[in-house]
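Note sheet for the following structure.
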């Protein structure tokens, strides 16, 4: 009888926990000041009630090198993720970063496999290539598992459990003085739609200054 009572109590507890927590979709629509949708803007949700978990070591992301460019130009990963840097070009690259969030150097390599790099400190990592000066890429290391990048229609969708959150956006060309960067949200069982309209234009792209072989229009 005691065993049955204990087993029933465990089932009831699990059922109550299941109903006490919901998952909802947060749709973030991001535009410039003229209302034009913006692509590849990073949207992040930080849970104000709980500490944010770090990704396990099995988490792997890829920052490739194609046509003498970093692909993708902007990559967002969770803190604790390893990033591979394959070289899909037929020339050598020499990838480096002097950013406080991650300082490293991958010396001249082409077809050689290089060890994935662990990104364990939150922040912005700016990438360069010692061979091709115009190559520039970014890795945003997020201290939250809840993030997404906006698609071609300006939409980023993040699924989160219920709770209180701070919603913020990031992009390497987003002005630090733009006040449309952060919002507070309370998430329950219902989906939520949020719009961000920037007050300031994105900072100029490097392609607007230099017509160098390998450049395409950055996001």
Tally, over the range 170-205, of residues that are surrounded by 14 or more Cβ atoms within 10 Å (Cβ to Cβ), at pLDDT below 90 and over 20 Å from residue 34 (Cβ atoms): 1
Test: residue in the range 32-44 that is modelled with pLDDT under 90 and in contact with a strand residue (DSSP E or B) (Cβ under 6 Å, 6 or more places away or on another chain): no
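Kindly establish whether residue 65 is surrounded by 13 or more Cβ atoms within 10 Å (Cβ to Cβ), within 13 Å of the chain's Cα centre (by Cα) and in contact (Cβ under 8 Å) with a residue 40 or more places away in the chain. If you could, list the steps in order and put the result at the bottom.
Values: surrounded by 13 or more Cβ atoms within 10 Å (Cβ to Cβ): yes; within 13 Å of the chain's Cα centre (by Cα): no; in contact (Cβ under 8 Å) with a residue 40 or more places away in the chain: yes.
No, not satisfied.
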Cβ-Cβ under 7 Å pairs, at least 6 apart or on other chains, the range 113-124 side in contact (Cβ under 8 Å) with a residue 24 or more places away in the chain and not assigned by TED's automatic domain parsing to the domain that holds residue 44, far side in a loop (DSSP other than H, G, I, E, B) and exposed (fewer than 15 other Cβ atoms within 10 Å of the Cβ): 123/100
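The values are calculated or read from the model by the stated rules, or taken from the named source; none is laboratory data. Everything numeric here is computed off the predicted structure, so don't read it as measured data. Backbone-built Cβ (ideal geometry, glycine too); neighbour counts: all protein chains shown.
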